[in-house]
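Undergrad: After the structure tokens below, expect a handful of questions from me.
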Amino acid sequence: MNDAVTTDRASARRVAARPIAAMPVTLTVNGERRELEVEPWTSLLDLLRDKLDLTGTKKGCDHGQCGACTVLVDGKRINSCLKLAVSLDGAEVQTIEGLGQPGKLHPLQAAFIEHDAFQCGYCTPGQICSGVALIAEGRAKTREEVREAMSGNICRCGAYTNIADAVLEVLEKEGTR
Amino acid sequence: MIRFDYARPDAVADAVRAGAGEHAAFLAGGTNLVDLMKENVARPLEVVDINRLPLGEITDLDGGGLRLGALATNNDTAYDDRVQARYPLLSSAILAGASPQLRNAATNGGNLNQRTRCYYFYDVDTPCNKREPGAGCGAIGGVNRIHAILGASSQCIATHPSDMCVALAALDAQVQVTGPEGDRTIAFADYHRLPGDEPWRDNSLKPGELVTAVDLPPEDFSTNYTYLKLRDRLSYAFALVSVAVAMRIEDGRIAEARLALGGVAHKPWRSAEAEAALSGADPGKPAFALAADALIAGAVGQGDNSFKIDLARRATVRALEQAAAGTPQSQTDKRIR
């Protein structure tokens, strides 16, 4: 047992006030290997936005209730606000910046523009990361299934109909529908 | 979020050792613990990351059961071929909960050990006996639409929020744990507890104990089952009331039926009387109504949540009809038939 684990409150406060060193974490972010020093309480979302300057990933609720922070970790979509970065040592992270760039958009990014699948745009990076994962998962095929599989991404502008249209178009083009 | 030490053991024994301290917490998927830490509800000084422990597999058990590793994710469990074929009730219940992103991170062990979503438990500026023993309960006489109608106490009316656990209760799963005093098996019905005078204790784990797996017994109830979940929006919301039914029909009569309610108590709610009322009965509304009444016997409303009593009764009858007809509730098409 670590001697930092104490049973009385005063000692607990002392431990809590003690500076704890950042820990080494290696991540592959959008194909680039990054060797980082991360404080253990840093979320993946804060690491991406504050330290790696990848501000495409958005902080909506910061509690796993909106999906704006959705990224792909080892190919799976997760809420980056609820992951401690330190727990992902060795993982591969893909953000909206890694999916496409102006002039070379991911097909789902192009479909979002084509279908007017956003208004304010704040939820859009999370929606697109989620949609890309949905297509790769290969389970959702009908509109109803797409809507359910996209239910972890809230859009307060209410662009859901057009978001489903965009995802369905790419699903059809990729021949998985 | 407070500062904490972080450890990432590779072996179960090392994790148990590191997790034995009073201020230690095991971190799996993090979807609840990290949130509770952000809210200053959970304040561990040592976070023991168990994600490197070899507990992520789903394996067949001798005799026909299935072992779900504590670190298998909710999605990997729900979409596992064996779970889908033999335990569709479990798959359905998991997919009724949370969102694809959360289910990709959340683990089976974490699902059992998640805390209530009672607003007062989450808000450190309000009294809560679960968070701070002796502080009082803000929900009693407060805003309590989501709270318990069964098994509550004068100290706590919180509910357990899981969908998965409601199915596990109906399937008579067993929880495998290890800890400072060795390994033991806990029947699912004994895993979660009622609040009583110790509402801060959600389950029967002893300090330092770690869930390693959840075992499903061989009976699979893959023909007559349903998971019916009612909530304030169609997806990505906790149950107001949910019902898991696992039924076996032989020669036109109910040979066995298991019923569990979610969203109404501090644990998945079962009733031996309700299940006895169904045993040997004709699968039809008269027997279903009797069973539903028995299942919610003793229910008490708190004001905002009093609607749940009738809702639970009707949902139980409807779920029994779905199960008996072999037409389980779809978790995609949310229309209730």
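Undergrad: (1) more than 14 Å from every other protein chain (Cβ to nearest Cβ); (2) closer than 20 Å to residue B:236 by Cβ: which one isn't true of residue A:146, the others all being true?
TA: Residue A:146 satisfies all of (1) more than 14 Å from every other protein chain (Cβ to nearest Cβ); (2) closer than 20 Å to residue B:236 by Cβ except (1).
Undergrad: Only one of B:257, B:265 is within 16 Å of residue B:166 (Cα to Cα) and out of contact with any helix residue (DSSP H, G or I) (no Cβ under 6 Å at 6 or more places or on another chain); which?
TA: B:265
Undergrad: Let me ask another. I'd like the residue in segment B:306-335 that is in a loop (DSSP other than H, G, I, E, B) and in contact with a strand residue (DSSP E or B) (Cβ under 7 Å, 6 or more places away or on another chain) and, out of all such residues, is surrounded by the fewest Cβ atoms within 10 Å (Cβ to Cβ).
TA: Among those residues, the one meeting the criterion is B:326.
Undergrad: Can I ask one more? Scan segment A:107-128 and give yes if some residue there is over 17 Å from the mean Cα position of the chain (by Cα) and part of a strand (DSSP E or B), otherwise no. Give the steps one after another, and end with the answer.
TA: Start the filter on segment A:107-128 by keeping residues that are over 17 Å from the mean Cα position of the chain (by Cα), which leaves A:107, A:110-120.
The next check asks that each one be part of a strand (DSSP E or B); those that pass are none.
Checking segment A:107-128: not a single residue is over 17 Å from the mean Cα position of the chain (by Cα) and part of a strand (DSSP E or B).
Undergrad: Residues that are within 22 Å of residue B:107 (Cα to Cα), at least 1 per element: which helices (runs of 4 or more DSSP H) completely within segment B:184-298 meet that?
TA: It comes to B:188-191.
Undergrad: While we're here: Among the residues of segment A:66-119, how many are aromatic (Phe, Trp, Tyr) and crowded, with 24+ Cβ neighbours inside 10 Å?
TA: The qualifying residues number 1.
Undergrad: A follow-up question, please. Which of the strands (runs of 3 or more DSSP E) found entirely inside segment B:41-157 contain at least 1 residues meeting this: in contact with a strand residue (DSSP E or B) (Cβ under 6 Å, 6 or more places away or on another chain), small (Gly, Ala, Ser) and closer than 23 Å to residue B:170 by Cβ?
TA: Once the strands (runs of 3 or more DSSP E) in segment B:41-157 are filtered for at least 1 residues that are in contact with a strand residue (DSSP E or B) (Cβ under 6 Å, 6 or more places away or on another chain), small (Gly, Ala, Ser) and closer than 23 Å to residue B:170 by Cβ, what remains is B:66-69.
Undergrad: Quick check on residue B:8: is it over 24 Å from the mean Cα position of the chain (by Cα) and at pLDDT 95 or above?
TA: Taking the combined requirement at face value, the residue satisfies it.
Undergrad: Quick one: residue A:86 ticks every box in (1) assigned to a helix (DSSP H, G or I); (2) over 21 Å from residue B:236 (Cα atoms); (3) in contact with a helix residue (DSSP H, G or I) (Cβ under 6 Å, 6 or more places away or on another chain) bar one, so which box is it?
TA: All conditions are met except number (3).
Undergrad: Residues B:106, B:135: which one is surrounded by 24 or more Cβ atoms within 10 Å (Cβ to Cβ) and either within 12 Å of chain A (Cβ to nearest Cβ) or free of Cβ contacts under 8 Å to residues at least 40 places away in the same chain (or both)?
TA: It is B:106.
Undergrad: Enumerate the pairs (first residue in segment A:53-73 and on the phi > 0 side of the Ramachandran plot; second residue anywhere and part of a strand (DSSP E or B)) with beta-carbon separation below 6 Å, excluding pairs fewer than 6 apart on the same chain, so at least 6 apart or on different chains.
TA: Between residues of segment A:53-73 that are on the phi > 0 side of the Ramachandran plot and residues that are part of a strand (DSSP E or B), the close pairs are A:64/A:79.
Undergrad: Which of the residues belonging to segment B:1-16 are more than 9 Å from chain A (Cβ to nearest Cβ) and in a loop (DSSP other than H, G, I, E, B)?
TA: B:9, B:10, B:11, listed by residue number.
Undergrad: Shifting gears a bit: Considering every residue within segment B:282-291, establish whether at least one is surrounded by fewer than 15 Cβ atoms within 10 Å (Cβ to Cβ) and either touching a Cys at 6+ places or on another chain (Cβ under 7 Å) or under 17 Å from residue B:261 (Cα atoms) (or both).
TA: Looking for residues that are surrounded by fewer than 15 Cβ atoms within 10 Å (Cβ to Cβ) and either touching a Cys at 6+ places or on another chain (Cβ under 7 Å) or under 17 Å from residue B:261 (Cα atoms) (or both), one finds none in segment B:282-291, hence no.
Undergrad: Out of everything in segment A:29-47 that is among the aliphatic types (A, V, I, L, M) and within 10 Å of residue A:81 (Cβ to Cβ), what residue ends up being surrounded by the fewest Cβ atoms within 10 Å (Cβ to Cβ)?
TA: Going through the qualifying residues, I end up with A:45.
Undergrad: Still on this model: Closer than 22 Å to residue B:163 by Cβ and in contact with a Ser or Thr (Cβ under 9 Å, 6 or more places away or on another chain) - does that describe any residue in segment B:33-53?
TA: So far as segment B:33-53 goes, yes, one or more of its residues are closer than 22 Å to residue B:163 by Cβ and in contact with a Ser or Thr (Cβ under 9 Å, 6 or more places away or on another chain).
Undergrad: Would you confirm, using the coordinates I've provided, whether residue B:67 is over 26 Å from residue B:247 (Cα atoms), more than 7 Å from chain A (Cβ to nearest Cβ) and touching a residue at least 12 places away in the same chain (Cβ under 8 Å)?
TA: For residue B:67, the condition - over 26 Å from residue B:247 (Cα atoms), more than 7 Å from chain A (Cβ to nearest Cβ) and touching a residue at least 12 places away in the same chain (Cβ under 8 Å) - is not met.
Undergrad: Something else: With respect to the numbered conditions (1) free of Cβ contacts under 8 Å to residues at least 12 places away in the same chain; (2) more than 23 Å from the chain's Cα centre (by Cα), which one is the sole condition not fulfilled by residue B:18?
TA: (1)
Undergrad: Now, a different point. All but one of (1) within 22 Å of residue B:32 (Cβ to Cβ); (2) outside any strand (DSSP E or B) hold for residue B:172; which doesn't?
TA: Among (1) within 22 Å of residue B:32 (Cβ to Cβ); (2) outside any strand (DSSP E or B), residue B:172 violates only (1).
Undergrad: Which one of the conditions (1) more than 9 Å from chain B (Cβ to nearest Cβ); (2) over 11 Å from the mean Cα position of the chain (by Cα) does residue A:57 fail to meet, given that it meets all the rest?
TA: For residue A:57, the failing item is (2).
Okay, residues lined up against (1) at the interface with chain B (Cβ under 10 Å from one of its Cβ atoms); (2) over 24 Å from residue B:9 (Cβ atoms):
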site: A:41; (1), (2): yes, no
site: A:48; (1), (2): no, yes
site: A:69; (1), (2): yes, yes
site: A:83; (1), (2): yes, no
site: A:87; (1), (2): yes, no
site: A:92; (1), (2): no, no
site: A:110; (1), (2): no, yes
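Undergrad: Mind counting the residues in segment A:132-144 that are buried (at least 20 other Cβ atoms within 10 Å of the Cβ) and more than 18 Å from residue A:106 (Cα to Cα)?
TA: 1
Undergrad: Another question about this same structure. Does residue B:166 satisfy the criteria of being surrounded by 24 or more Cβ atoms within 10 Å (Cβ to Cβ) and part of a strand (DSSP E or B)?
TA: Taking the combined requirement at face value, the residue does not satisfy it.
Undergrad: Go through the residues of segment B:65-79 one by one and say whether even a single one is aromatic (Phe, Trp, Tyr) and buried (at least 21 other Cβ atoms within 10 Å of the Cβ). Steps first, answer last, please.
TA: Within segment B:65-79, the subset aromatic (Phe, Trp, Tyr) is B:79.
Next cut, buried (at least 21 other Cβ atoms within 10 Å of the Cβ) only: none.
Checked segment B:65-79: no residue is aromatic (Phe, Trp, Tyr) and buried (at least 21 other Cβ atoms within 10 Å of the Cβ).
Undergrad: Go over the candidates B:322, B:331 one by one and state the one that is touching a Phe, Trp or Tyr at 6+ places or on another chain (Cβ under 9 Å) and within 14 Å of chain A (Cβ to nearest Cβ).
TA: Only one candidate qualifies: B:331.
Undergrad: Scan segment B:17-31 for residues that are crowded, with 23+ Cβ neighbours inside 10 Å and more than 7 Å from chain A (Cβ to nearest Cβ) and jot them down.
TA: The answer is B:19, B:26, B:28, B:29.
Undergrad: Taking the criterion of being buried (at least 24 other Cβ atoms within 10 Å of the Cβ) and either among the polar types (S, T, N, Q) or touching a Gly at 6+ places or on another chain (Cβ under 6 Å) (or both), would at least one residue in segment B:176-196 satisfy it?
TA: no
The values are calculated or read from the model by the stated rules, or taken from the named source; none is laboratory data. Since this is a predicted model, take the numbers as computed values, not measurements. Glycine gets a Cβ as well: all are built from the backbone with ideal geometry, and neighbour counts include every protein chain shown.
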